[in-house]
Amino acid sequence: MLQGLNFILMHVPDVAEATPFYTEKLGFEIEAQAPDFVQFKQPAGSGAILALSKGTTGSQGIELWWFVDNADSTYSTLKQRGVEIADELKDEPFGRTFSIKAPAGYTLYMLQLAQPQ
């Protein structure tokens, strides 16, 4: 029945104001754009498509996790780009994680999956 998550729509108060965070800080490329809407290309051609739309904001218990190939390198790059770190790098049983603050009050979680032993 379900075939996996492939589209994430985040509501933000101002799409034009939020877009540079995703393009300049996280490196996303715009795939489609309309007034009060922007859709980004899938990172590396895979994973869920992310879009922003004007609307009411807040995560309301939703966690958005992005897989990364190297948590330490990604952390350093984002910090150099001026991204606000919400939770510092740490090791969990499932992998190495950290989180960042995004526009409109969202927290984005980064995860480098643990290697099977």
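For residues that are of a type in the set (D, E, K, R) and in a strand (DSSP E or B), scanning just the range 31-69, find the one that is nearest to Glu17 (Cα to Cα). That would be Lys54.
Of all residues in the range 11-30, those that are part of a loop (DSSP other than H, G, I, E, B) and under 18 Å from Gly105 (Cα atoms) total 3. Number of residues in the range 29-53 that are at pLDDT 95 or above and under 14 Å from Val68 (Cα atoms): the value is 0.
Taking first residues from the range 4-24 that are without any contact (Cβ under 8 Å) to a residue 24 or more places away in the chain and partners that are not aliphatic (A, V, I, L, M) and not in a helix (DSSP H, G or I), the Cβ contacts under 9 Å between residues at least 6 apart in sequence or on separate chains come to Ala16/Asp36; Thr23/Glu29; Thr23/Phe40. With acidic (Asp, Glu), open to solvent by 100 Å² or more (accessible area, probe 1.4 Å) and touching a strand residue (DSSP E or B) at 6+ places or on another chain (Cβ under 7 Å) as the only criterion, which of Glu17, Glu24, Glu29 stands out? Glu29 is the lone residue from the list that is acidic (Asp, Glu), open to solvent by 100 Å² or more (accessible area, probe 1.4 Å) and touching a strand residue (DSSP E or B) at 6+ places or on another chain (Cβ under 7 Å). The residue pairs whose first member lies in the range 39-53 and is in contact (Cβ under 8 Å) with a residue 40 or more places away in the chain and closer than 25 Å to Pro13 by Cβ, whose second member is assigned to a strand (DSSP E or B) and open to solvent by less than 40 Å² (accessible area, probe 1.4 Å), and whose beta carbons are closer than 6 Å, counting only pairs six or more residues apart or on different chains, are Ala48/Ile8; Leu50/Ile8; Leu50/Phe40; Ala51/Gln39; Leu52/Met10; Leu52/Val12; Leu52/Val38. Across the range 49-69, the number of residues qualifying as under 17 Å from Lys101 (Cα atoms), β-branched (Val, Ile, Thr), surrounded by 12 or more Cβ atoms within 10 Å (Cβ to Cβ) and under 13 Å from the mean Cα position of the chain (by Cα) comes to 1. Residues in the range 32-48 that are over 28 Å from Ser73 (Cα atoms) and surrounded by 12 or more Cβ atoms within 10 Å (Cβ to Cβ): Gln33, Asp36, Phe37.
The values are calculated or read from the model by the stated rules, or taken from the named source; none is laboratory data. The structure displayed is predicted, hence computed values, not measured ones. All Cβ positions, even for glycine, are placed from backbone atoms using ideal geometry, and neighbour counts span all protein chains on display. Accessible surface areas use protein heavy atoms only, side chains included; no ligands, DNA or RNA. Shrake-Rupley method; radii C 1.70, N 1.55, O 1.52, S 1.80 Å.
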